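Following: one structure in structure tokens, then a few remarks.
The values are calculated or read from the model by the stated rules, or taken from the named source; none is laboratory data. Bear in mind the structure is a predicted one, so any value in this text is a computation, not a measurement. We place every Cβ from the backbone using ideal geometry, glycine too, and count neighbours over all the protein chains shown. To get the accessible areas, we keep the full protein, side chains included, count just its heavy atoms, and leave off ligands, DNA and RNA. Shrake-Rupley method; radii C 1.70, N 1.55, O 1.52, S 1.80 Å.
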Amino acid sequence: MTKILLVEDNEMNKDMLSRRLMKKGYDIIFAMDGQEAIDMAKSEMPDVILMDMGLPVKDGLQATKEIKEDSTTGNIPIIALTAHAMAEHRQEALDGGCDEYETKPVRLPSLIEKIEQFT
Amino acid sequence: MLNFVQTFKRLIIFSLAFIILITTLNTVRAADETIDNNASNIDLLWMLICAILVFMMQAGFMCLESGIIRNKNNINVALKNVSDFGISIVCFWTIGYGFMFGISKSGFMGSNDFFFDPSGTATSGQAMTFFIFQSMFCATAASIISGAVAERLKFNSYLVITAIVGTILYPVVGHWAWANSDDLFGGDGSTGWLYDAGFVDFAGSTIVHSTGGWIGLAIILIIGPRTGRFVEGKTRKFAPSNLPLSVLGVLLLGFGWHGFNGGSNLVLDEAVPGILLNTFLAAAAGIVVCLIFWGVQNTTAPAGDLLNGLLAGLVAVTASANWVTPLSAVIIGAGGGLVALYATRLLERLELDDPVGAIPVHLAGGIFGTLVLPFFAAEEYLIGNQNLTEYTGNVRVNQFIAQLIGIISVGLYTFFVSYILLNVINNYSPLRVSQEAEDIGLNIAEHDSSSDQIDLLKIMQYQNDTGDLSVRGPEDLFTEAGQIGYHYNILMGSLEESDKIMRKQKDDLQVAMQNAQTANQAKSDFLAKMSHELRTPLNAIIGYSEMLMEEAEDDGLDTYSDDLTKIHSSGEHLLTLINDILDLSKIEAGKMDLYIEDIELNTLLKQIEATAKPLVEKNKNKFIINNETKNMKLKNDQTKIRQILFNMLSNAAKFTNKGKITLKIKSENKNQIRFDVTDTGIGMNDEQIGNVFEEFTQAESSTSKNYGGTGLGLPISKKMTEIMGGRMEVESKEGKGTTFSITIPIVVQEEN
């Protein structure tokens with residue numbers, strides 16, 4: 001079963017997205033902020049990380065950078081999730097080391113397509 | 001200049017010493033002779049009155065010249081006029097009179113009567129009267145020159161010229177024509193050579209007037225025209241500063257001329273009334289002919305022409321006033337006026353600058369009057385001219401030849417002597433003032449004089465240069481310039497006041513503009529923040545409704561699925577609206593940047609097709625993509641192109657039912673690509689087309705109810721297209737369908 005680390009601080013978004021993904025048969029683990037995401041990535045070694053960009057403690061960009069720099073977690077694909085539907089944020093995320101990009105509100109078929117491409 | 005003055009002084013001292021010696025010897029001899037003196041006292045009275053009348057001509061020249069030139073030089077011209085009187089009289093007394101009327105050496109010049117003093121002789125009264133009269137003539141000849149050279153000749157240069165005129169120029173030619181010493185007082189019967197040649201010039205058309213004119217001509221050839229008078233072949237006229245003063249001057253000259261001609265008869269007899277009649281008839285004819293000349297051209301005569309017409313009439317008749325009939329005087333006067341008129345134009349064409357027209361009046365008028373004398377004079381006078389050589393059998397022709405000889409010899413002598421002498425002096429010390437002096441005016445430059453007008457002009461100039469409105473001009477309610485200054489100051493006061501208000505308003509405006517910019521920035525920031533904040537809960541609404549829809553479907557709860565769809569689509573609509581407002585505020589704030597990347601057109605079209613196909617086919621429409629390009633690669637903002645095309649397609653889909661929607665792609669002008677989205681939908685009328693790119697307007701306000709949409713998609717798409725350096729257009733027919741098209745650069749330059 002594909003293990004997905006969902007990094008999201010908003011309770012509702014976390015609940016909604018995880019329930020929909022679990023329904024599709026994914027194993028979901030959570031992190032609430034950037035630092036937790038880094039730790040979880042190391043300890044759990046998920047198959048894919050869904051990373052929100054606006055996070056407390058350490059923001060998504062910083063967390064992505066550190067995960068990618070770490071040799072153990074560096075190969076885990078990261079899909080950025082952000083509410084900013086603007087091109088500069090997309091570019092920022094991709095430049096910051098994310099492998100893919102999905103805007104919020106998430107369109108589930110499109111997100112699943114992107115997850116599947118890494119598994 | 002100083003060197004020259006010193007040399008000149010030495011020359012005078014040596015000459016004086018020499019002359020005193022000769023004079024002493026001659027006076028002794030003259031005293032020995034007894035002359036029978038028959039002159040009645042009435043003749044003396046007449047001559048003295050005439051001399052005083054001629055003196056008035058000095059005032060006439062002063063008024064004429066200072067009125068016709070510019071204000072900045074009027075004091076200079078006036079002072080030249082009074083100084084030339086002084087210098088010419090002193091020179092004439094010391095040397096000039098002796099050269100003119102002393103005992104002749106070969107008819108060329110006189111040799112005694114220097115430092116004129118006949119006291120103690122039997123004819124001293126007559127001699128003194130004659131001297132007074134003749135010295136006034138010398139002053140007149142000198143004064144003529146000042147007009148021609150006005151506004152650019154140095155004051156000191158002019159004084160030197162006057163001294164030369166009063167010593168070696170005027171007295172010498174005067175001697176040639178008028179020395180007839182057996183008539184006079186203590187002479188030996190020797191005469192001037194022109195007199196001997198039969199040359200006749202009654203009161204000095206040639207001897208006085210042309211002499212002044214020739215010397216004036218020589219000087220203006222040396223010093224050149226006033227700055228700005230002739231520029232690139234164009235003649236500029238300077239407006240007279242005080243024309244009524246000039247008219248007064250002409251009238252004073254006419255007044256004095258009665259003495260000039262009347263006194264030249266030397267006695268008061270029956271000839272005098274005729275001479276005076278001829279004199280003022282010629283003056284009248286001179287001005288009338290100018291009035292007629294301009295009248296037939298349906299134009300008012302220029303002031304200068306009228307004044308000079310009158311004067312030229314006087315100059316012309318001066319040669320023959322005692323020998324012609326009144327009718328002839330009228331013809332000669334009229335001829336003189338016309339000659340002056342044409343001579344004025346000739347001078348302009350030759351770019352010779354004579355500010356007051358002294359050369360046309362005195363030189364041209366003088367030559368004319370002298371030359372026509374033989375044809376108007378009564379024959380008995382010509383026959384009576386004992387000195388006339390019999391060149392031909394015709395006495396008029398003989399006289400004409402004598403006149404020609406006189407005119408040419410006087411011209412050659414006065415012109416060349418003055419030209420050569422002054423050229424030498426000019427090389428030594430320039431006769432002309434500096435450009436700077438000419439600009440500020442000779443009143444200030446040469447005499448340190450100032451006037452209210454000049455002060456006012458200086459202040460105006462200062463204000464013009466500095467923009468300082470706080471300075472004020474001189475005020476004096478008793479002078480014209482002072483009154484102008486007073487009102488100018490009031491004007492300046494108001495101007496300064498309104499300037500202050502304007503400056504304050506400008507500052508206020510700047511502050512207001514800054515505030516507006518800040519407010520606009522705040523608005524954009526607020527919108528960006530708000531739209532972000534709104535999106536988070538919206539995500540939840542859309543997400544949960546979507547999830548519920550899936551669950552309702554899975555669980556077969558169809559009763560909820562309609563309502564859930566409504567919640568979901570409202571959420572989507574709200575999201576679009578928020579995104580659009582954010583885009584718009586970015587565009588308005590100039591923050592909409594392009595992210596240029598390499599795009600494979602085919603990949604882009606595949607993505608578009610995938611996204612738009614479900615939307616387009618929802619209303620049972622057929623979706624056709626017609627790509628006329630091959631393997632096109634773009635360098636442009638992929639996201640924005642996608643957003644624009646999606647907007648165009650969803651728009652088309654929205655207003656088309658069971659129709660056909662075509663996306664056509666073709667390249668245009670080699671470096672542009674064009675996308676056309678054509679539908680077979682409801683179309684628009686002209687008014688709707690006009691509003692289609694306006695923000696928050698849909699083709700019909702009721703449309704949004706039926707079809708949904710924010711009314712922002714098209715304005716945003718259009719603006720994005722323009723940011724790329726492209727354009728968006730629409731074509732539509734009501735009931736037939738609509739085509740929206742964008743034309744954008746294939747490769748966007750980075751700076752765009």
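Residues of the range B:627-658 that are surrounded by 16 or more Cβ atoms within 10 Å (Cβ to Cβ) and either more than 21 Å from B:VAL748 (Cβ to Cβ) or under 60 Å from the mean Cα position of the chain (by Cα) (or both): B:ASN636, B:ASP637, B:LEU649, B:SER650, B:ASN651, B:ALA652, B:ALA653, B:LYS654, B:PHE655, B:THR656. Within the range B:85-111, the residues that satisfy the criterion of being more than 47 Å from the chain's Cα centre (by Cα) and buried (at least 23 other Cβ atoms within 10 Å of the Cβ) are B:ILE95, B:TYR97, B:GLY98, B:PHE99, B:MET100, B:PHE101, B:GLY102, B:SER104, B:GLY110.
Of everything in the range B:344-387, what is surrounded by 20 or more Cβ atoms within 10 Å (Cβ to Cβ) and assigned to a loop (DSSP other than H, G, I, E, B)? Give them in sequence order. Listed by number, the residues that qualify are B:ASP353, B:ASP354, B:PRO355, B:VAL356, B:GLY357, B:ALA377.
Of the residues making up the range B:581-594, those that are within 11 Å of chain A (Cβ to nearest Cβ) and out of contact with any Asp or Glu (no Cβ under 8 Å at 6 or more places or on another chain) are B:LEU582, B:ASP583, B:LYS586, B:LYS591.
May I ask you to list the residues in the range A:1-18 that are in a strand (DSSP E or B) and either over 20 Å from A:ILE38 (Cβ atoms) or at the interface with chain B (Cβ under 9 Å from one of its Cβ atoms) (or both)? First the steps, then the outcome.
Pass one, the range A:1-18, residues in a strand (DSSP E or B): A:3-7.
None; the set is empty.
Can B:ILE661 be described as surrounded by 15 or more Cβ atoms within 10 Å (Cβ to Cβ) and assigned to a loop (DSSP other than H, G, I, E, B)? The answer is no for B:ILE661. Which condition from (1) farther than 23 Å from B:ASN265 by Cβ; (2) part of a helix (DSSP H, G or I); (3) β-branched (Val, Ile, Thr) is the one that B:VAL330 breaks? (1) is the only condition that B:VAL330 fails.
From the list B:THR680, B:THR697, the one residue that fits, being at pLDDT below 90 and in contact with a Gly (Cβ under 7 Å, 6 or more places away or on another chain), is B:THR697. Which condition number in (1) away from every other protein chain (no Cβ under 11 Å); (2) surrounded by 14 or more Cβ atoms within 10 Å (Cβ to Cβ) is the one that B:ILE624 fails? Tallying (1) away from every other protein chain (no Cβ under 11 Å); (2) surrounded by 14 or more Cβ atoms within 10 Å (Cβ to Cβ), B:ILE624 fails exactly one: (2).
What residue, of A:ASP59, A:ASP47, is in contact with a Ser or Thr (Cβ under 7 Å, 6 or more places away or on another chain) and either open to solvent by less than 20 Å² (accessible area, probe 1.4 Å) or more than 13 Å from chain B (Cβ to nearest Cβ) (or both)?
Values: A:ASP59 fails: in contact with a Ser or Thr (Cβ under 7 Å, 6 or more places away or on another chain).
Just one listed residue meets the conditions, A:ASP47.
Residue under question is B:ILE578, and the condition is that it be at the interface with chain A (Cβ under 10 Å from one of its Cβ atoms), open to solvent by 40 Å² or more (accessible area, probe 1.4 Å), within 26 Å of A:GLY54 (Cα to Cα) and of a type in the set (Val, Ile, Thr); does it hold? Before the answer, list the steps.
Working: at the interface with chain A (Cβ under 10 Å from one of its Cβ atoms): yes; open to solvent by 40 Å² or more (accessible area, probe 1.4 Å): no; within 26 Å of A:GLY54 (Cα to Cα): yes; of a type in the set (Val, Ile, Thr): yes.
Taking the combined requirement at face value, the residue does not satisfy it.
For the range B:452-492, enumerate the residues that are hydrophobic (A, V, I, L, M, F, W, C) and either open to solvent by 100 Å² or more (accessible area, probe 1.4 Å) or more than 23 Å from the chain's Cα centre (by Cα) (or both). Can you show your working first?
As a first pass, look at the range B:452-492 and keep what is hydrophobic (A, V, I, L, M, F, W, C): B:454, B:456-457, B:459-460, B:469, B:471, B:477-478, B:481, B:484, B:490-492.
Matches in the range B:452-492: B:LEU457, B:LEU469, B:VAL471, B:LEU477, B:PHE478, B:ILE490, B:LEU491, B:MET492.
Only residues that are crowded, with 18+ Cβ neighbours inside 10 Å, within 14 Å of another protein chain (Cβ to nearest Cβ) and charged (D, E, K, R) were counted in the range A:19-44, giving 1.
Do we find that B:ALA301 is open to solvent by less than 40 Å² (accessible area, probe 1.4 Å), modelled with pLDDT under 95, in a loop (DSSP other than H, G, I, E, B) and not hydroxyl-bearing (Ser, Thr, Tyr) in this structure? Give the steps one after another, and end with the answer.
Numbers: open to solvent by less than 40 Å² (accessible area, probe 1.4 Å): yes; modelled with pLDDT under 95: yes; in a loop (DSSP other than H, G, I, E, B): yes; not hydroxyl-bearing (Ser, Thr, Tyr): yes.
Considered against the rule, which asks whether it is open to solvent by less than 40 Å² (accessible area, probe 1.4 Å), modelled with pLDDT under 95, in a loop (DSSP other than H, G, I, E, B) and not hydroxyl-bearing (Ser, Thr, Tyr), B:ALA301 comes out as yes.
Residue pairs whose Cβ atoms lie under 6 Å apart, sitting 6 or more positions apart in sequence or on different chains, and linking a residue in the range B:657-681 that is in contact (Cβ under 8 Å) with a residue 24 or more places away in the chain to a partner that is outside any strand (DSSP E or B) and of a type in the set (Asp, Glu), are B:LYS666/B:GLU628. Given the criteria more than 30 Å from B:ASP448 (Cα to Cα) and touching a residue at least 40 places away in the same chain (Cβ under 8 Å), does B:VAL77 qualify? So B:VAL77 does not fit the description; no.
Residue-level analysis places B:GLY393 outside the set of residues that are out of contact with any Gly (no Cβ under 8 Å at 6 or more places or on another chain) and either open to solvent by less than 60 Å² (accessible area, probe 1.4 Å) or part of a helix (DSSP H, G or I) (or both).
Evaluate the range B:202-224: report whether one residue or more is open to solvent by 60 Å² or more (accessible area, probe 1.4 Å) and on the phi < 0 side of the Ramachandran plot. There is at least one residue in the range B:202-224 that is open to solvent by 60 Å² or more (accessible area, probe 1.4 Å) and on the phi < 0 side of the Ramachandran plot.
Conditions tested, residue by residue: (1) modelled with pLDDT of 90 or more; (2) aromatic (Phe, Trp, Tyr); (3) over 30 Å from A:MET12 (Cβ atoms).
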| position | (1), (2), (3) |
| --- | --- |
| B:GLN505 | yes, no, yes |
| B:LEU509 | yes, no, yes |
| B:MET513 | yes, no, yes |
| B:ASN520 | no, no, yes |
| B:LEU527 | no, no, no |
| B:LEU534 | no, no, no |
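Go through the range B:465-484 and give me each residue that's aliphatic (A, V, I, L, M) and assigned to a helix (DSSP H, G or I). Matches in the range B:465-484: B:ALA481, B:ILE484.
Every residue, every condition in (1) in contact with a Ser or Thr (Cβ under 6 Å, 6 or more places away or on another chain); (2) hydrophobic (A, V, I, L, M, F, W, C); (3) under 30 Å from B:GLY216 (Cα atoms); (4) without any contact (Cβ under 8 Å) to a residue 60 or more places away in the chain, yes or no:
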| site | (1), (2), (3), (4) |
| --- | --- |
| B:ARG432 | no, no, yes, no |
| B:PHE478 | no, yes, no, yes |
| B:SER498 | no, no, no, yes |
| B:LYS504 | no, no, no, yes |
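For A:GLU88, the conditions (1) at pLDDT below 85; (2) within 14 Å of chain B (Cβ to nearest Cβ); (3) surrounded by 14 or more Cβ atoms within 10 Å (Cβ to Cβ) are fulfilled apart from (3). All conditions but one from (1) over 25 Å from B:GLY571 (Cβ atoms); (2) basic (Lys, Arg); (3) crowded, with 17+ Cβ neighbours inside 10 Å apply to A:LYS104; the one that does not is (1).
A Cβ distance below 6 Å, combined with a sequence gap of six or more or placement on separate chains, defines the contacts here; from the range B:537-562, residues that are more than 12 Å from chain A (Cβ to nearest Cβ) reach residues that are part of a helix (DSSP H, G or I) and not hydrophobic (A, V, I, L, M, F, W, C) in the pairs B:ALA552/B:TYR560; B:ALA552/B:SER561.
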